[in-house]
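Working notes, structure below.
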Amino acid sequence: MTTTPTTETPVLQARGLVKRYGHVTAIDGADFDLLPGEVLAVIGDNGAGKTSLIKALTGAVVPDEGEIRLNGKPIQFSGPQSARAHGIETVYQDLAVAASMDIASNMFLGRELRRPGFLGSAFRMLDKKRMRQEAAEHMADLKIGLRSLTQSVETLSGGQRQAVAVARAVAWARSVVVMDEPTAALGVKESGQVLDLIRRVRDKGMPVVLISHNMPHVFEIADRIHVHRLGRRAAVIKPSDYSMAEVVAIMTGALGVDAAGDTVVADSEAAKAAGVQAT
Ligand SMILES: Nc1ncnc2c1ncn2[C@@H]1O[C@H](COP(=O)(O)OP(=O)(O)OP(=O)(O)O)[C@@H](O)[C@H]1O
């Protein structure tokens, strides 16, 4: 396994994570490092344990073993709410937004602002005006152009909905934004817009973890790629150092990566079939 040598303290880090579901070991001693200001893609074959790893890092599952550190400090999340309270926001592939509600209400879903004074404290009245104003500021900040924040989310295109979900996550995140397959359901143009948006989030200084099966998107946007295989990190590489075929070969186990960052043939038949050779 290789890690890019760095002196920076990772924003989010894991060592030796294990998660078992009965007889299945979904995470098998996984390490993870997210550096400040980077887009880190997490890729791996189906069943490699990417989702389980991300769930452990975002509080959705509690690992059986291992350690998670946030900004260098050991931390245990008791649930997604606890990860959120520590500034980790996740954009889920499905269920990203409440379709029948308007854009501003979606931005503040579960964190609604109340009217000041008695109206808010006693009658729990919502401060819709302020929520719209702040939602508009967040949208402008990320250069997301939407006609009206009072239109319901179901009237938006898939890409626009994803943009609302990303804007919401960025608005609340203080440490990390995790995105699970954000372009999976989108067309070419909309995917491009979401990738641009991810770049803007990164350029604001917010590190992004991107789980994706889409290799061209990963190569286009990731600063580093965490390759997950058989429940653990098989390699961390820079997209500029490897071809897509090589990364797929690392993912499937045809190639391994040694401590110097060179690829080594791990399965010669599979490497031959994939048309790749060791460096
Ligand atoms: N709740 C669960 N109960 C039992 N087994 C599970 C559960 N969640 C995941 N697993 C198993 O753990 C392993 C890893 O699954 P996981 O979903 O983390 O992989 P993945 O890399 O995200 O896969 P995919 O790309 O197909 O979504 C699989 O064998 C899966 O069947």
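Just so you know, all these numbers are worked out from the coordinates, no wet-lab data involved. Predicted model only: the values in this text are computed from it and were never measured. We place every Cβ from the backbone using ideal geometry, glycine too, and count neighbours over all the protein chains shown.
Key figures
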quantity	calculated
Those trypsin sites (Lys or Arg not before Pro) in the stretch 75-115 that DSSP places in a loop and that have at most 16 other beta carbons within 10 Å	111
Cα Rg over Rh - the stretch 133-279, Kirkwood	1.08
Ranking of 196, 31 by count of other Cβ atoms within 10 Å, fewest first	196, 31
Farthest positive-ward along the chain dipole, Cα basis, beta-carbon charges - from 248, 237, 58	58
Charged-residue dipole, Cβ positions (Lys, Arg, Asp, Glu), the chain about Cα centre, Debye nearest 20	1280 debye
From the C-alpha gyration tensor of the chain, square roots of 5λ in Å	37, 21, 16
Assigned charges on the beta-carbon of Lys, Arg, Asp, Glu; the stretch 97-172 dipole about Cα centre (debye)	180 debye
Neighbour-count ranking [beta-carbon atoms within 10 angstrom, fewest first] of 89, 220	220, 89
Sorted by Cβ density within 10 Å, fewest first, the residues 58, 252, 7	7, 252, 58
Relative contact order for the stretch 97-172, counting Cα pairs under 8 Å that sit 6 or more residues apart, in percent	42 percent
Members of 19/73; 19/272; 50/238; 143/189; 143/238 lying beyond 25 Å, as alpha-carbon distances in this model show	19/272; 143/238
DSSP-assigned coil residues among trypsin sites (Lys or Arg not before Pro) in the stretch 192-263, each with at most 12 further Cβ atoms within 10 Å	204
Angle in degrees between helix 128-141 and the longest Cα principal axis of the chain, rounded to the nearest 10	40 degrees
Calculated [θ] (222 nm, deg cm²/dmol) that DSSP helices of n ≥ 4 give over the chain, each run adding -39,500 (n - 2.57)	-9500 deg cm²/dmol
Angle in degrees between helix 188-203 and the longest Cα principal axis of the chain, rounded to the nearest 10	90 degrees
Charge dipole (the stretch 177-279, unit charges on Cβ, about Cα centre) - positive-most of 259, 205, 192	205
Options 76, 214, 12, ranked by Cα towards positive dipole end of the chain, top entry (Cβ charges)	76
Alpha-carbon centroid distance for the pair the stretch 98-166 / the stretch 198-249, whole angstrom	31 Å
